[in-house]
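Asks: Supplied in structure tokens, the structure appears directly below.
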Amino acid sequence: MNGWLIAAGSIAIIGAAIHGVGGEVLVVRRLSLGVLPPTSFGGPRMTKAMIHVTWHITTVAFLTVGIALVLAGSVLDGDTARGIALVGAAASTGFAAVAVGLGAAYMRSPRTLFRHPGPIALTATAALAWLGAL
């Protein structure tokens with residue numbers, strides 16, 4: 001048993017659930033076709049579809065990494081557990097880097113990163129995953 005990996009995976013799974021349900025209700029459903037721009041792929045309806053699909057692909061990625069980390073910390077052992085833990089830690093680090101990096105670039109103030117729980121949860125997941133993997 002590796003508590004660091006189980007904790008990291010649990011945060012990722014809970015985060016995936018919140019991202020999927022909360023994002024659907026609070027973000028995606030509220031996107032108005034009247035204000036979305038067209039793209040070279042189609043009009044505003046296509047823009048909304050691309051945002052919707054991308055949102056939920058991200059949710060599935062968070063869930064997949066979370067499940068992998070929990071499995072690496074609980075039922076897998078040896079090199080298999082370590083390999084999966086390293087992949088989960090690397091993916092979590094990538095998620096955190098994108099959220100923190102783009103969040104800081106868009107908001108231009110580190111304080112705004114604390115207004116949304118995502119950057120903190122993703123960073124905590126990555127840190128715990130690395131503690132468990134190493």
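Asks: Considering only protein heavy atoms and a probe of 1.4 Å, how much of the accessible area of the chain is carbon and sulfur, as a whole percent? Working shown, then result.
Replies: Details: 5990 of 8180 Å².
Ligands and nucleic acids excluded, carbon and sulfur reach 73 percent.
Asks: Can you compute the helix-only [θ] at 222 nm over the chain? Use -39500 (n - 2.57) per DSSP H run of at least 4 residues, normalise by all residues, nearest 500 deg cm²/dmol. Before the final figure, lay out each step's value.
Replies: On the way: 4 runs with 102 residues, N = 134.
The helix contribution divided over the chain gives -27000 deg cm²/dmol.
Asks: Work from the charge dipole of the chain (Cβ charges, +1 for Lys and Arg, -1 for Asp and Glu, about the Cα centre) and give the residue of Phe95, Pro38, Val27 farthest towards its positive end.
Replies: Farthest towards the positive end: Pro38.
Asks: Here is a further query. Whole percent per 5 Å bin, from 0 to the bin with the longest distance: what is P(r) over all C-alpha pairs of the range 25-104?
Replies: 3, 14, 16, 16, 15, 13, 10, 7, 5, 3, 0
Asks: Explain nothing, just the number: dipole magnitude of the chain about its Cα centre with +1 on each Lys and Arg Cβ and -1 on each Asp and Glu Cβ, in debye rounded to the nearest 20.
Replies: Numbers: 8 positive and 3 negative charges, 132 e Å.
Dipole about the Cα centre, nearest 20: 640 debye.
Asks: Of Ser109, Leu86, Thr54, which is farthest along the charge dipole of the range 1-126 in the positive direction, counting Lys and Arg as +1 and Asp and Glu as -1 at C-beta?
Replies: Ser109
Asks: Roughly how many Å² of Ser92 are accessible to a 1.4 Å probe, to the nearest 10?
Replies: Its heavy atoms expose roughly 0 Å² to the probe.
Asks: Write down the accessible area per residue of the chain in Å², having rolled a 1.4 Å probe over the full set of protein chains. Write out the running numbers ahead of the final one.
Replies: On the way: 8180 Å² over 134 residues.
That works out to 61 Å² for each residue.
Asks: Order of 47-55, 115-123, 25-33, 59-67 by packing, highest average Cβ count within 10 Å first? Please report the intermediate quantities before stating the final value.
Replies: Details: 47-55: 14.3, 115-123: 16.9, 25-33: 11.0, 59-67: 19.2.
Peptide ranking by packing, descending: 59-67, 115-123, 47-55, 25-33.
Asks: At 0.36 nm per residue, and after removing the present C-alpha to C-alpha distance, how many nm does the segment from Trp55 to Ser32 gain when stretched out fully? Before the final figure, lay out the partial values.
Replies: Numbers: separation 23, 0.36 × 23 = 8.28 nm, distance 1.59 nm.
Between Trp55 and Ser32, full extension yields an extra 6.7 nm.
Asks: Which entry is the computed percent of Cα pairs over 22 Å apart for this structure: [x] 45; [y] 33; [z] 59?
Replies: Given [x] 45; [y] 33; [z] 59, the calculated one carries the label [x].
Asks: On to the next question. Could you work out how much longer the chain between Leu131 and Val25 gets when fully extended? Use 0.36 nm per residue separation minus the Cα distance between them, nm to one decimal.
Replies: Working: separation 106, 0.36 × 106 = 38.16 nm, distance 3.40 nm.
Result for the pair: 34.8 nm of gain on full extension.
Asks: So how far, in whole Å, is the C-alpha centre of the range 98-123 from the one of the range 6-23?
Replies: 17 Å
Asks: Let me ask something additional. Could you calculate the contour length gain from Thr64 to Thr39, that is, 0.36 nm times the residue separation minus the distance between their Cα atoms, to one decimal place in nm?
Replies: 6.0 nm
The values are calculated or read from the model by the stated rules, or taken from the named source; none is laboratory data. This is a predicted model, so every value here is computed, not measured. Cβ sites come from the backbone with ideal geometry, for glycine too, and all protein chains shown count toward neighbours. Heavy atoms of the whole protein, side chains included, go into the accessibility calculation; ligands, DNA and RNA do not. Shrake-Rupley method; radii C 1.70, N 1.55, O 1.52, S 1.80 Å.
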